[in-house]
1. Counting each pair of different Cα atoms once, what's the Kirkwood radius of segment 1-118 in Å, rounded to one decimal?
2. Kindly state, as a whole number, the per residue volume in cubic angstrom of the convex hull around the alpha carbon atoms of the chain.
3. Suppose R0 equals 45 Å; then what is the FRET efficiency for residue 453 and residue 310 from their Cβ-Cβ distance, rounded to the nearest 0.05?
4. With viscosity set to 1.306 mPa s and temperature to 10 °C, compute the Stokes-Einstein D of segment 503-542, Rh being the Kirkwood radius across alpha carbon pairs; µm²/s, no decimals.
5. Over the chain, with every protein chain in place, what whole percent of the accessible area is carbon and sulfur at 1.4 Å, could you tell me?
6. Quote to one decimal, in nm, the extra length available between residue 328 and residue 77 on full extension: 0.36 nm per residue of separation minus the C-alpha distance between them.
7. Cα to Cα, under 16 Å, and not fewer than 8 places away if on the same chain: which lysines meet these conditions relative to residue 55?
8. Summing -39500 (n - 2.57) over the DSSP H runs of n ≥ 4 in the chain and dividing by its residue number, what mean residue ellipticity at 222 nm do you reach, to the nearest 500 deg cm²/dmol?
Amino acid sequence: MKNINPVKTAAWKQLNNHFLDIKNVHIKNLFHLDKNRFTNYSIIFNNEILVDFSKNRITEKTLQLLLCLAEECYVFDAIKSMFLGKLINKTENRSVLHIALRNKLDSKIIINNLDIMFSVKKELKKIKNFSNEIITGRWKGYTGKSISDVVNIGIGGSHLGPYMVTESLKAYKNHLNIHYLSNIDGTSIIEILKKVNLETTIFLIASKSFSTDETISNANYLKDQFFFKTNNLNYFSKHFFALCENTSSALNFGIDKKNIFKFWDWVGGRYSVWSASGLSVALSLGFHNFELLLYGAYSMDQHFLNEKLSTNIPVILALINIWYTNFFHTETEAIFPYDEYMHIFPEYLQQNFMESNGKSIDRNGKLVTWNTSPIIWGQSGTNGQHSFFQLLHQGTTLVPCDFIIPVLSHNPINNHHEKLLSNFLAQTRSLAFGNDYDIHKNEISNNFINKNKLYQYCEGNKPSNSIMLKKITPYSLGSLMALYEHKVFVQGIILNIFSFDQWGVELGKSVASDIYNNLLYNSFNKKYDSSTEGLLKTYKKWNNIL
Ligand code: F6P
């Protein structure tokens, strides 16, 4: 993988000049100039997903220059390196092979002289057998009853991926109740315990490292509650399971060896839903649907690997984002799924984008002078339309948006879905075209101001991508997730940062554990800044520790 400073490339310099030509061009004019703009600026993936990027502030020249940037930054080589299992996660000395978890080709993927596909398939079989046991009711709890509830204990990638998928695919859900416990806040655990009966509940401790404080503290509490209720060590193996890489810590915790579902160091936490970490998905939807999710991601992987850059969906979307964050200097990017089941999708993407590309040191060890990740935010439509969309239409901040909608709803009551779809189309259209543009422009420039009209003025020229899925299915959701994963990858490659570590998060973890040791006692064995000390003292005083 080459470490190219993007701003030093010829393409970047040309883009800087080109930006001066584009910055005042209105999307409306781009549509006037090209009657086939929709056809020219949209790609259909497998007859399942339509990506329309025509409502962006780009021309053919913009795309050409952005594609030159991708070439100058050796994007295609980087893609190949990832698929070949090269050690592209250099700061952690690891391969990045979540694509292996969904690989459907017969070919081998060799890491340290071993074909990792052998272990991947073995573990998938274990997931299949176990999920069938639970779903069919053959697996019994300690009192001989079948399992009704599953509690996934995990945080970050061990939570967001499985949680988002189970929510997004609720329409495919079986009889099992799935609960997600992530926060260290005792409230979360207490509220879940109110809902479940320990006799018929299994606990999945999902933690790659099996050392994350939130997860292990929650798991310990539940373990204690379980012993308190059953008073029998032998029952533990009927109810507690580990989904992890660090098997020795899971064994130390008391997990039965056969209850460990394993994954590997080349699976990043935020990509782990495709591995054993996605066991709650297989339990909730059945293994067949879990396989379809993997299959959908595999199809997008093949598109990403084999399609030329100019029609490669993740590449195009990544380039458009670099155009906004680095030339228009936008700071955020919004994701709006017009599908209530997908309400966690923006939150899930936040981790993927910001934990990956929220970096400021480049791959050459130098401070970056360009923007890396935008802030990702969003929520399901149409709720946002009645609150913050006002800012999108008339505010002073430019926010590139992705609008996502299925053509077919899982719940097509009355004409609700047609109305939802109309709102989806209305938003992207209004953002791009505004209202009565010419009239208002004249009125403003002639100083002939009809006050009411002035305040109603929506300039338009606000960019968005429209992503239309035929239906939200395990297959199409898998493809969509892989699309965004690869988009983040391409952005990281071009922006010359390491996308697969998260040292900032690690700092927070170690400082928290240090402070925790100072929190419990009435003296300080360490000096902090005056603010942290002031807050600690107040905590101790109000908690009667001082
Ligand atoms: O939040 C940081 C992080 O390391 C994520 O990357 C990861 O998904 C999460 O913590 C949980 O880690 P683990 O699965 O090891 O408990």
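1. Computed over segment 1-118, the radius equals 17.6 Å.
2. On the way: hull volume 106.3 nm³, N = 546.
It comes to 195 Å³ per residue, whole-number rounded.
3. Details: r = 43 Å, r/R0 = 0.94.
After rounding to 0.05, the efficiency reads 0.60.
4. Working: Rh = 10.8 Å.
Calculated translational D: 147 µm²/s.
5. Details: 12780 of 24410 Å².
Taking all protein chains in place, the chain shows 52 percent carbon and sulfur surface.
6. Details: separation 251, 0.36 × 251 = 90.36 nm, distance 2.79 nm.
Computed gain between residue 328 and residue 77 is 87.6 nm.
7. Reachable lysines: 23, 28, 35, 462.
8. Numbers: 22 runs with 252 residues, N = 546.
So the calculated ellipticity at 222 nm is -14000 deg cm²/dmol.
The values are calculated or read from the model by the stated rules, or taken from the named source; none is laboratory data. Please read these numbers as outputs of a predicted model, since none were measured by experiment. Backbone-built Cβ (ideal geometry, glycine too); neighbour counts: all protein chains shown. Note: areas computed on protein heavy atoms with side chains; ligands, DNA, RNA excluded. Shrake-Rupley method; radii C 1.70, N 1.55, O 1.52, S 1.80 Å.
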